[in-house]
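Here the structure comes first, spelled out in structure tokens, and everything after it is commentary.
Values in this text are rule-based calculations from the coordinates and carry no lab data. Bear in mind that the values here come from a model prediction, so they are computed numbers and not experimental data. Please note: Cβ atoms are built from the backbone with ideal geometry, for glycine as well, and neighbour counts cover all protein chains shown.
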Amino acid sequence: MLHKMLSYRFLGPILLIIVLGYFVAEMLGFGFRQPVFLPGKTSSAHHQIEIACDVCHTPLGGVKQEACLDCHKDALKADSDSHAIKVFNDPRSYALLAQIDAKKCVTCHAEHIADKTGNKVASVPDDFCYACHKEITTERASHKDFSMDGCTASGCHNYHDNQALYENFIAQHLNEANTLALPRVPARNMADIHRQQATPPLKTLIGTDHDGISSANDAGIVQDWAASGHAHSGVNCSDCHSLTKSGAVAKEWTNKPDIAVCENCHKKETKGFLNGKHGMRLAVNLSPMTPEMARIPMKDNAHNKELNCNSCHSPHRSDTKEVAVEACLTCHDDSHSKAYINSPHHQLWKKEITGELPVGSGVSCATCHLPRLPEKEHGLESILVMHNQNMNLRPNSKMIRSVCMNCHGLGFSLDALADPALMINNYSTLPSKKINTLNMIQGRKIMKKQSSSDDLK
Ligand code: HEC
Ligand code: HEC
Ligand code: HEC
Ligand code: HEC
Ligand code: HEC
Ligand code: HEC
Ligand code: HEC
Ligand code: HEC
Ligand code: HEC
Ligand code: HEC
């Protein structure tokens, strides 16, 4: 029977019915945009937005490269991508591309394939560098005994971001101390710049200046606000609570100002938040993320806590100290996060808060995950908080330049991040071994010196 069904006579009509069915379903709007049609588990990178099939798939099902670029182009550019698409425009690359089409993101970042797209960043086998660089083990004596699946292991190379791993960069940072003489991250200066720039000069508001509507004049709220940076910089209740602001008086009051309100004055922070994991659902118009949706361990009692600006910042107190550790630990509950409390970094952080150590000497969760980075704003160099907590997360060597090297030498930072045990104990012990990269580069420097002095003879 089945035999007959599949004979050529029936195949045509069956295919036609399937194709027509597909278009009808698409037109009716229930199409195949459903999780039941996922062929396998979505990667941890994107599982939070998997339901928004359309941000990646075209109406007929394929994946457009533009989708990947829309969301990731800027970050890869900022990383000075070693294998950017333009690297392969050279005709000499055509033979390489025939082996592995490196101009297409999906070649290495497939989705929904059970055994490939779990927690790994890329879906290619570990030895894929071999396709293009097989000559390296013969061309470079130092690489003679290396196996081709080890290029990205233990902090030697990354495919995209090699900013902490370039030979010249490492050569400039050989023999640095484990911990530098003045271990400090730069101070934030958004408020200072804002005050300098304001015309007319800012008026510091006090409690009685507030313009909240009378039904909302909670004394506690007014008190908190009056002590906040917002009141000091002239930001009144209605700046956040009024939907149609006219003059100083709120016309239409909302009790739940949303992220668009904060975005009015804090564009860079909002952009970072939306580009990172915490904000990625809001960025594609899905409901806010909650810990219940997470794959990594979260506190049981936080399951329904929504992620927006106020899940870390309390709306009327703009103090950022409790935000940098306590807020994170209301949700996060994995071993790395829990181990932080007993780490040497947390001891430094407590001393910074009590004033025993100068500002910038402590290391909070935010010091590593929401690093302070220089940004051009109003033509001035300001130091702002990067709110995309995935920007420097994977591969973890991305943290070296933006964070660790404010306080530690390059060699120590590379060793610490290459040691998986230190990830679990939140950098509480010394790294167990030294990686070989620095020795190799030192060796090459000596060789180059010798050969250039040979040239002189
Ligand atoms: C973050 C981007 C992203 C989202 C969101 C997404 N997919 Fe995919 N999907 C991909 C990628 C990448 C591939 C692999 C494409 C390739 O290899 O050419 C893929 C492959 C597939 C395939 C295999 C057939 C094919 O086109 O290669 C199906 C079926 C599929 N997705 C269905 C879905 C459905 C249904 C949803 C929503 C519930 C969804 N996808 C959401 C990125 C995504
Ligand atoms: C709607 C925006 C969006 C689209 C479309 C999208 N991504 Fe992503 N992607 C994200 C966000 C947000 C994250 C998590 C934060 C991060 O890692 O930057 C992420 C994570 C990743 C990661 C993992 C990074 C890590 O930290 O582990 C890779 C790799 C990646 N995306 C590649 C792709 C590729 C390839 C495509 C196209 C098939 C694509 N993305 C489509 C938003 C998007
Ligand atoms: C030839 C394989 C390959 C191709 C093609 C490729 N990637 Fe990657 N990508 C990787 C590997 C491997 C990693 C893991 C980290 C590393 O080694 O740099 C990665 C990591 C990433 C990350 C994590 C963050 C980072 O900076 O490393 C993002 C985001 C990403 N890729 C996006 C893309 C996008 C977008 C494209 C298409 C323009 C693309 N990749 C093309 C192999 C590839
Ligand atoms: C599709 C081919 C292809 C694949 C796959 C590939 N590369 Fe490359 N790689 C290139 C090309 C092309 C260049 C540029 C060559 C040049 O400028 O001489 C390059 C340059 C490099 C460089 C020197 C430039 C720099 O920015 O550091 C390193 C190191 C490197 N690749 C390592 C790797 C590693 C490690 C992998 C695997 C994770 C890998 N490559 C995978 C083609 C590839
Ligand atoms: C920087 C912006 C901002 C300023 C300034 C501000 N608020 Fe709010 N306020 C918020 C946000 C955001 C929420 C919502 C919190 C939430 O969703 O849980 C809120 C909530 C409230 C609520 C509801 C409280 C509740 O528990 O639901 C009241 C009442 C309120 N604010 C009054 C005031 C008054 C009065 C002032 C001035 C003295 C003021 N706010 C100044 C941002 C602000
Ligand atoms: C009308 C403009 C305006 C709006 C709207 C606004 N802010 Fe601000 N915000 C400022 C200014 C100006 C400062 C600098 C204040 C200072 O510390 O002197 C600031 C400072 C901050 C700080 C840093 C305080 C510190 O201790 O350094 C945080 C956090 C903050 N805002 C969060 C928010 C959030 C969250 C929202 C939305 C609920 C919001 N802001 C809405 C103008 C605004
Ligand atoms: C995951 C927690 C978290 C979320 C969510 C969050 N912030 Fe922050 N934010 C912080 C921390 C922590 C700091 C202070 C970091 C430091 O001092 O190094 C901070 C600092 C700030 C500052 C100080 C100004 C600066 O850049 O120097 C502003 C403004 C701000 N956040 C606005 C926002 C806005 C707007 C949102 C929502 C779009 C938001 N934050 C969401 C944790 C968060
Ligand atoms: C309201 C709860 C909540 C708060 C508060 C919160 N997070 Fe998260 N965080 C989440 C959720 C949910 C995810 C997504 C996890 C997943 O998809 O498995 C996440 C993801 C992350 C990731 C990316 C993990 C990954 O594998 O890609 C990092 C890093 C992170 N958070 C750090 C922090 C830091 C640092 C703070 C404090 C400044 C903080 N978070 C505050 C709920 C929270
Ligand atoms: C000294 C820097 C540092 C500090 C402090 C730090 N982290 Fe991390 N964290 C890292 C690095 C590096 C990784 C990535 C490790 C890797 O993938 O190898 C990471 C990974 C994570 C992840 C992802 C875990 C996963 O399984 O995907 C979360 C969530 C996280 N950290 C939250 C926190 C929280 C919450 C705190 C504070 C209680 C904190 N971290 C303190 C450096 C730090
Ligand atoms: C604000 C400065 C600062 C930053 C940023 C910082 N650290 Fe540290 N770290 C220190 C100081 C100071 C110590 C304590 C050194 C001591 O006790 O001699 C320390 C201790 C450590 C230790 C424990 C050493 C021991 O003796 O047990 C490790 C591992 C470590 N840091 C790794 C890192 C890594 C990896 C990063 C980047 C992700 C980083 N640190 C970022 C200042 C910093």
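Annotations for the structure displayed:
- Just one of the listed residues (399, 386) is within 19 Å of the chain's Cα centre (by Cα), buried (at least 16 other Cβ atoms within 10 Å of the Cβ) and away from ligand 9 (no atom under 11 Å from the Cβ), and it is 386.
- The helices (runs of 4 or more DSSP H) found wholly in the range 124-205 and carrying at least 3 residues that are near ligand 4 (Cβ under 9 Å from one of its atoms) occupy 130-133.
- Count of the range 253-309 residues, restricted to those that are among the polar types (S, T, N, Q) and within 16 Å of ligand 6 (Cβ to nearest atom), is 5.
- Residue within the range 388-396 that is free of Cβ contacts under 8 Å to residues at least 60 places away in the same chain, among the aliphatic types (A, V, I, L, M) and more than 19 Å from residue 182 (Cα to Cα) present: yes
- Taken over the range 306-334, the criterion of being more than 17 Å from residue 363 (Cα to Cα), assigned to a helix (DSSP H, G or I) and touching a helix residue (DSSP H, G or I) at 6+ places or on another chain (Cβ under 8 Å) is satisfied by 309, 311.
- Among the residues making up the range 418-429, those that are touching a residue at least 40 places away in the same chain (Cβ under 8 Å) and aliphatic (A, V, I, L, M) are 418, 423, 424.
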